[in-house]
1. Just give me the residues in the range 190-233 being within 16 Å of ligand 2 (Cβ to nearest atom) and more than 13 Å from residue 170 (Cα to Cα), in sequence order.
2. When both residues are 6+ apart or on different chains and their Cβ atoms are under 9 Å apart, which pairs have a first residue that lies in the range 57-80 and is under 22 Å from residue 218 (Cα atoms), and a second that is assigned to a helix (DSSP H, G or I) and within 9 Å of ligand 2 (Cβ to nearest atom)?
3. For the subset of the range 61-83 comprising residues that are more than 21 Å from residue 195 (Cα to Cα) and surrounded by 17 or more Cβ atoms within 10 Å (Cβ to Cβ), which member is nearest to ligand 1 (Cβ to nearest atom)?
4. Name the residues in the range 197-251 that are under 28 Å from residue 184 (Cα atoms), within 16 Å of ligand 1 (Cβ to nearest atom) and touching a residue at least 40 places away in the same chain (Cβ under 8 Å), would you?
5. In this structure, does residue 121 turn out to be in contact (Cβ under 8 Å) with a residue 12 or more places away in the chain, within 16 Å of ligand 2 (Cβ to nearest atom), touching a helix residue (DSSP H, G or I) at 6+ places or on another chain (Cβ under 8 Å) and under 26 Å from residue 82 (Cβ atoms)?
6. In the range 81-94, how many are assigned to a loop (DSSP other than H, G, I, E, B) and in contact (Cβ under 8 Å) with a residue 40 or more places away in the chain?
7. Restricting to the range 124-140, count the residues that are part of a loop (DSSP other than H, G, I, E, B) and without any contact (Cβ under 8 Å) to a residue 40 or more places away in the chain.
8. Please state which of the following conditions residue 52 fails to meet, knowing it meets all the rest: (1) within 15 Å of ligand 2 (Cβ to nearest atom); (2) over 16 Å from the mean Cα position of the chain (by Cα); (3) at positive phi.
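The values are calculated or read from the model by the stated rules, or taken from the named source; none is laboratory data. If you're wondering where the values come from, they're calculated on a predicted model, not measured in any experiment. Cβ coordinates were reconstructed from backbone atoms using ideal geometry, including for glycine residues, and neighbour counts include every protein chain displayed.
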Ligand SMILES: Nc1ncnc2c1ncn2[C@@H]1O[C@H](COP(=O)(O)OP(=O)(O)O)[C@@H](O)[C@H]1O
Ligand SMILES: [Mg+2]
């Protein structure tokens, strides 16, 4: 059921050739993108962006998505987050199939199972750090003060809780954005060039924190990055080129 998916494992009941259902516990892909096509309507006619994208993500894995500017990386993330719809193809997570879901179901998927982090931190300016952190978790009905306190400690945000976003540095803002995305315990964290607007040292620090945090969490990470050194620290790497993914090593 939506929002009730086991955080780590999915269990599939397979009715085999036996007269009783055989319960097979195995790790199913967290996400399966199959044959996805997406184009945008422009005054010059349709602009093909994704032209047959296939991708499989295992639960708890981390994947770097690379590719030139304009190659369609953000488009793919938007489709996975249910912010836009594919033209052809399918995006599945367990028993869910995104293109068959209503807007309301997609909003629920995004709220409960997806964490989003962008290059421009997108914090809510009128809310203190502590309330920014809890924002999505509250929307998802998953606010867990102990988990939030853990994130605050791991992300080193303890002294900043009463501040407003404009009183924070870029690196601090991105740490809050990460905390906010993880506070709702999403199955999948989609990060679109999350360190793209930070200097190299800060970017390295934020990334280190993120990877450490995810190390002991079942959340799967799909991160867009231009940095080969960032990509090298992730378990797998794919490149989007000519509308398709190359170098997929997701098994
Ligand atoms: N809403 C839109 N309408 C028309 N064209 C778009 C839209 N969004 C993105 N594009 C175009 O689609 C291509 C891929 O964009 P994007 O997914 O943002 O690439 P990337 O994130 O890899 O830089 C670009 O040529 C971009 O201009
Ligand atoms: Mg982009």
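1. Correct list: 190, 191, 192, 193, 222, 223, 224, 225, 226, 227, 230, 231.
2. Listed by first residue and then by second, the contacts come to 65/73; 65/77.
3. 79
4. Of everything in the range 197-251, those that are under 28 Å from residue 184 (Cα atoms), within 16 Å of ligand 1 (Cβ to nearest atom) and touching a residue at least 40 places away in the same chain (Cβ under 8 Å) turn out to be 197, 222, 223, 224, 225, 226, 230, 231, 237, 238.
5. Spelling it out, residue 121 is indeed in contact (Cβ under 8 Å) with a residue 12 or more places away in the chain, within 16 Å of ligand 2 (Cβ to nearest atom), touching a helix residue (DSSP H, G or I) at 6+ places or on another chain (Cβ under 8 Å) and under 26 Å from residue 82 (Cβ atoms).
6. Summing the residues that are assigned to a loop (DSSP other than H, G, I, E, B) and in contact (Cβ under 8 Å) with a residue 40 or more places away in the chain in the range 81-94 gives 5.
7. Going through the range 124-140 one residue at a time, the tally reaches 3.
8. (1)
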